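Since the structure comes first, as structure tokens, the remarks are kept for the end.
The values are calculated or read from the model by the stated rules, or taken from the named source; none is laboratory data. Not measured: the values here are computed from a predicted model. Here Cβ is always computed from backbone atoms with ideal geometry, including for glycine, and neighbour counts include all displayed protein chains.
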Amino acid sequence: MSKSTSALNTYPTYHSHRNKLNYAKSRCCFIFFRQSWTRSLLPSNLELSCSSSVAVSATLSGTTHNATVDKNAKICKFCEMGDLRNAVEFLKRSQRFKLELNTYCSVLQLCAELKSLEDGKRVHSIIASNGVAVDEVLGAKLVFMYVNCGDLIKGRQIFDGILNDKVFLWNLLMSEYAKNGNYREGVSLFEKMRKVGVTGDAYTFTCILKCFAALAKVRECKRVHGYVLKLGFGSYNAVVNSIIAAYFKCGEVESARNLFDELSDRDVVSWNSMISGCVKNGFSRIGLEFFTQMLNLGVDVDSATLVNALVACTNLGNLSLGRALNGYGMKAGFSRDVMFNNTLLDMYSKCGSLSGANEVFAKMSETTIVSWTSIIAAYVRKGLYDDAIKLFDEMQNKGLRPDIYTITSVVHACACSNSFDKGRDIHNYIIKNNMGSSLPVSNALMNMYAKCGSMEEAHLIFSQILVKDIVSWNTMIGGYSQNSLPNEALEMFLEMQRQLKPDDITMACVLPACAVLAALEKGREIHGYILRKGYFSDLHVACALVDMYVKCGLLVLAQQLFDMIPKKDMISWTVMIAGYGMHGFGKEAISTFEKMRIAGIEPEESSFTSILYACSHSGLLKEGWKFFDSMRSEYNIEPKLEHYACMVDLLVRSGNLSGAYKFIETMPIKPDAAIWGALLSGCRIHHDVELAEKVAEHIFELEPENTRYYVLLANVYAEAEKLEEVKKLQRRIGKRGLKKNQGCSWIEIQGKVNIFVAGDTSHSQAKRLDSLLRKLRMEMNRGGYSSKIRYAWINADDMKKEVLLCGHSEKLAMAFGVLNLPPGRTVRITKNLRVCGDCHEMGKYMSKTTGREIVLRDSNRFHHFKDGSCSCRGFW
């Protein structure tokens, strides 16, 4: 059948078992059922084009008859030449003549071929105004015109109004419904076709199988399979291939395999169906085995075969075989096949070969939006986010309009590169081009705003999504966790549970919020859910769980869970090393670091940050220097600011302030405020006022608005009893309008988080707390303890300072825990700032007098108070 007949569309030609119905092909390649017509007398040179014309009434006069014949001939001639405009114009001018039915059919056929709906409607209007009866032949042509021109609704309307016992018309509509994704209507049409007694042919079954497969109707697919065998179409390759494809789409891999094995005359489509089906069902390796069998049997492969094999290579990460297929495809002459090139490009991209992807892209004679999306994604995967954004701009300059996949890739690039302004520009493009309704695009935008620190804009997009999926919720929960908004993350998690069930990614997103808040009870509840669902096998979830227990103070349990992880990666080892460091167990951190190396895991920058931090907080100066020097010498890692900060902190804690100052001066990179701040903290500990003033000037130049350093310098002055300098700093802070960050502490009891701020008297148990703290203070004083009033650097008399010290937030939280937790239960406190010296002493004393362990986590580290001593051993 000619290519234009595929206008039906793609009504197949079969080499055997042809339908027994008597078909005849018209001049315009449209299939009609053979009927008897009275032939008009036409000149011999027009007989080929209008051989099946309907004769006009014999009562017409010879003149009228000849004029009509002439009109019919001219219109048919225009149609033969493909001149639709003149054909329609001549048809309009010939309305007073009773034209032949085939003339209308010829013009409608040309409208369909040229997909000119407007002209088709005009012809339909002329037919109606001329009073021509729309019988089954003309009706069929009208249906074909409307469907082929994209107006399926009008085509169906005419179809329902005519005698429709022609199987090809049913096939035409079913095929179009399948193409449009309206599979249910395709199924409905099939059921109706059976009810009216129209027997399907081979093409009917290929159409309906596509519909049932898309709807995942396994039982119906099997029913059609039986129907096919009953009607004798079981030997039609096209039908059997459709059944194989349908089984694969429904996940019935075994049924598809059995059917393929029974097929004696396999063509390339059969093999392609098997390879594609295996790949799409997660059996890429088996798909490649079929590909190998196909080559061994000498079956000619086509571009679809190689495309399927390349997808299998992509799924398996088999770059070497992918390269071999690239060479094979070039030799086979597929170098200009767009689908082959795009799949090849995607294979190189996903297998991590940017050079291969670039080479394919550069050689492509024709690039599509898919090609550009693949190359942009390749750069994103390699972490070359700025280059990916530049490619996106270049693509637009070439006039290509991005689709949702391109947009998603470039928004991800903006997120990873923290390109907030570019991300917002793309967001505006999305709004302008009405692409915001796409859920993947909305999710990508939320992720971009979250990673750029704008949770307000992320939440605005989230609130506009009508139907949110699990990715939407996880993005918001993870965004809040990453942006130090743990309360909002937990609230979002609770809201999500009312609508969707959390998955493993949700667990990995919400656990960091529990870790930040030290919400141990909530964390334990989530731990139970993880165990019930079997999510601990996911490495990200396991790491998040270990980290949560570390930051909630349960280091022993964290270690037990860490030991249960079967295959640890660099992140999981680093989490445990950092955990030991936070709790002051430097030697255990070093032991864990060495075990990581023995396990064959190469340390990265973050690993060294953690181990240097651990050495610093345990006073391990010699070990710290050893690790710092090994970064360059053994691992070729250039130290970053955070590594230098750890070394300054280590030198300071060992009392070597001058050495720390010289170290900073010789740094190859410019020190930031955090590094100078570490030295300033050392000046306070070791009461070096002169150096503190020198260091403070560097800090105030870098971060003039950061009150933390003003307070730190004021404490240095207060401890040296330089009250005038304290007053000067107070005035300086006042002039700048700076406010000291308010300290707060919290404790979780029975799932409720109780928050305390310094000097707060509004709490329901305020009097009990004050009474306990005063009692403890008196006992401490009687025991020869002298209040460290120098930590309260405000200008006030000693009595006011004493009251203020009693009301420090961590003291209130510790007292609340002692009064409200069962005897012997560990008191766990979290503070947003560094614990002050007086509260540190109170923690030690309280642990001794109450016989409880008190675990306090401040912004720096953990303090385990037990029997009057602290795990920090003074390194805090």
Which count do you get for residues in the stretch 544-592 that are crowded, with 22+ Cβ neighbours inside 10 Å, out of contact with any helix residue (DSSP H, G or I) (no Cβ under 7 Å at 6 or more places or on another chain) and assigned by TED's automatic domain parsing to the domain that holds residue 617? 1
Identify all residues within the stretch 593-616 that are surrounded by fewer than 24 Cβ atoms within 10 Å (Cβ to Cβ) and of a type in the set (Val, Ile, Thr); write none if there are none. 598, 601, 609
Residue hits (the stretch 233-274; touching a helix residue (DSSP H, G or I) at 6+ places or on another chain (Cβ under 7 Å), within 22 Å of residue 199 (Cα to Cα) and of a type in the set (S, T, N, Q)) are 237, 241, 242
Run residue 527 past the list (1) farther than 22 Å from residue 451 by Cβ; (2) at pLDDT below 95 and report the number of the one that doesn't hold. (2)
Among 394, 359, which is acidic (Asp, Glu), in the same structural domain as residue 326 (by TED's automatic domain parsing) and within 19 Å of residue 342 (Cβ to Cβ)? 359
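Report, by residue number, each residue of the stretch 216-237 that is in contact (Cβ under 8 Å) with a residue 60 or more places away in the chain and buried (at least 18 other Cβ atoms within 10 Å of the Cβ).
Correct list: 233, 236.
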Which condition from (1) in contact with a Gly (Cβ under 9 Å, 6 or more places away or on another chain); (2) more than 26 Å from residue 207 (Cα to Cα); (3) in a helix (DSSP H, G or I) is the one that residue 134 breaks? (3)
Those residues that are farther than 11 Å from residue 720 by Cβ and not in a helix (DSSP H, G or I), I need them from the stretch 677-703; list them, please. 686, 703
Would you be able to say whether some residue in the stretch 344-353 is closer than 21 Å to residue 443 by Cα, hydroxyl-bearing (Ser, Thr, Tyr), touching a helix residue (DSSP H, G or I) at 6+ places or on another chain (Cβ under 6 Å) and without any contact (Cβ under 8 Å) to a residue 60 or more places away in the chain? no
Residues of the stretch 774-812 being modelled with pLDDT of 50 or more and in contact with a Lys or Arg (Cβ under 6 Å, 6 or more places away or on another chain), which ones? 810
What do you reckon, is residue 256 over 26 Å from residue 290 (Cα atoms) and surrounded by 16 or more Cβ atoms within 10 Å (Cβ to Cβ)? no
Can you tell me which residue among 186, 197 is farther than 19 Å from residue 149 by Cβ and buried (at least 22 other Cβ atoms within 10 Å of the Cβ)? 186
The helices (runs of 4 or more DSSP H) lying wholly within the stretch 176-247 that contain at least 3 residues that are under 26 Å from residue 266 (Cβ atoms) are 202-214, 218-231
